[in-house]
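The values are calculated or read from the model by the stated rules, or taken from the named source; none is laboratory data. Bear in mind the structure is a predicted one, so any value in this text is a computation, not a measurement. Methodologically, a virtual Cβ is constructed for each residue, glycine included, from the backbone with ideal geometry; neighbour enumeration extends over all protein chains shown. For the accessible areas, the whole protein counts, side chains as well, though only heavy atoms, and no ligand, DNA or RNA atoms are used. Shrake-Rupley method; radii C 1.70, N 1.55, O 1.52, S 1.80 Å.
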Amino acid sequence: MSQQMSIREAERRVFRLAAFQDGWWDILFGSELIMLSIYPITRRAFGPVWNLALFLAALALLLIVVYAAKRSFVAPRIGQVKLGPNRSVRLGRTVGVTIFVATFIFFILTLTRTITEPAWPGAPAWFRNYDVDILFTLVIIGFFHFLGAIYGITRLHLYGWLMGLGNLASTILEHEAGIIFHWPMLLAGATMIVIGVVLFSRFLRDYPLPVLEA
Amino acid sequence: MTSLEPDTNELHPLADLDRTIHSPARLMVMTYLYVVESADFVFLMQLTGLTWGNLSTHLTKLEEAGYVALEKGYKGKKPNTTVSLTEAGRAAFKVYKNGMQAVLNELPD
């Protein structure tokens, strides 16, 4: 009875079924990480402007593919829902977007030296060399933990660690060993894609096309 | 001699519960509709695990009580029904929820 009366759990179930059950979000996000992993290589090949244009075009194509897949395979199986302006969904969305945007702006401002990095007196050299990346990693991990807790999706906790540590490891490898191919990020993206494909195959099995009576 | 009459004061809130909502299937439907703006028939079917006929019967009862609104349309060539809670339905669900929680909170561990 307490399960049935839990509005919060009902919200989570609705959101999971509507957005995360089919695995396409995982495939989309994993593909974006793989694109980011080769970004430095393509940047050297095409230059910054063309590389950005290529990246955005690939991203647009990816979004079209995911949209078409959801329309063709997912919607006929689970139908459609219009999520209400429910308080906790709105709150989660607002806080999540705010944190993400604030972190992104901070990261960009630091990269462009618009704001200077803190001096961290007394901190070890390895921390001072990668302070922004470490902080970014912690924020990413925290952000995904927050999303995972709000929406009740366990794998988001894993994705935070994969993304955060993948990004940090890629940065360190680039600076210390000159490896511009961000293979830790690629591994993180590939893991998400594999999970997404497994989820999608399970989705097709668990949600056959419904038999609708006249 | 101790009276064997049941103490109806403690049962009173239960006796007042809305019987339209107080059915496992309809309670499930109302709960899910409460947290969304609207959902189509197929989505409700997948979410609740009810069969088409079963869901249809329960939605008819809820519509007759004025708790849900059914909007029939088409998606391409396929008929599509969108379901949403009415204002009366939302109010009735809140009353039901508060009543049930009050009763459950009074129960001993």
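Couple of notes before you dig in:
- Subset tally (residues that are closer than 30 Å to A:Arg77 by Cβ and surrounded by fewer than 21 Cβ atoms within 10 Å (Cβ to Cβ)) for the stretch A:161-195: 5
- Here A:Phe144 passes the criteria (1) out of contact with any His (no Cβ under 8 Å at 6 or more places or on another chain); (2) free of Cβ contacts under 8 Å to residues at least 40 places away in the same chain; (3) of a type in the set (Phe, Trp, Tyr) except the one numbered (1).
- Any hit, the stretch B:67-76, residues being in a helix (DSSP H, G or I) and within 11 Å of chain A (Cβ to nearest Cβ): no
- All helices (runs of 4 or more DSSP H) inside the stretch A:1-72 with 1 or more residues being over 18 Å from A:Met185 (Cα atoms), within 14 Å of chain B (Cβ to nearest Cβ) and touching a strand residue (DSSP E or B) at 6+ places or on another chain (Cβ under 8 Å): A:7-15
- A search for C-beta distances below 7 Å between a residue of the stretch B:98-109 that is without any contact (Cβ under 8 Å) to a residue 60 or more places away in the chain and any residue that is in a helix (DSSP H, G or I) and aromatic (Phe, Trp, Tyr), counting only pairs 6+ apart in sequence or on different chains, returns nothing.
- Considering A:Ala125, A:Ala149, the condition of being surrounded by fewer than 16 Cβ atoms within 10 Å (Cβ to Cβ), over 17 Å from the mean Cα position of the chain (by Cα) and small (Gly, Ala, Ser) is satisfied by A:Ala125 alone.
- Selected residue [assigned to a helix (DSSP H, G or I) and within 14 Å of chain B (Cβ to nearest Cβ)] from A:Leu186, A:Leu204: A:Leu204
- Residue in the stretch B:75-87 that is under 14 Å from the mean Cα position of the chain (by Cα) and surrounded by fewer than 17 Cβ atoms within 10 Å (Cβ to Cβ) present: yes
- Among residues of the stretch A:11-23, those that are hydrophobic (A, V, I, L, M, F, W, C) and buried (at least 22 other Cβ atoms within 10 Å of the Cβ), counted: 2
- Lone unmet requirement of (1) open to solvent by less than 20 Å² (accessible area, probe 1.4 Å); (2) assigned to a helix (DSSP H, G or I) for B:Asn98: (1)
- Across the stretch B:45-74, the number of residues qualifying as open to solvent by less than 40 Å² (accessible area, probe 1.4 Å) and of a type in the set (Phe, Trp, Tyr) comes to 1.
- Failed condition for B:Leu104, given (1) at pLDDT 85 or above; (2) facing chain A (nearest Cβ under 10 Å); (3) assigned to a helix (DSSP H, G or I): (1)
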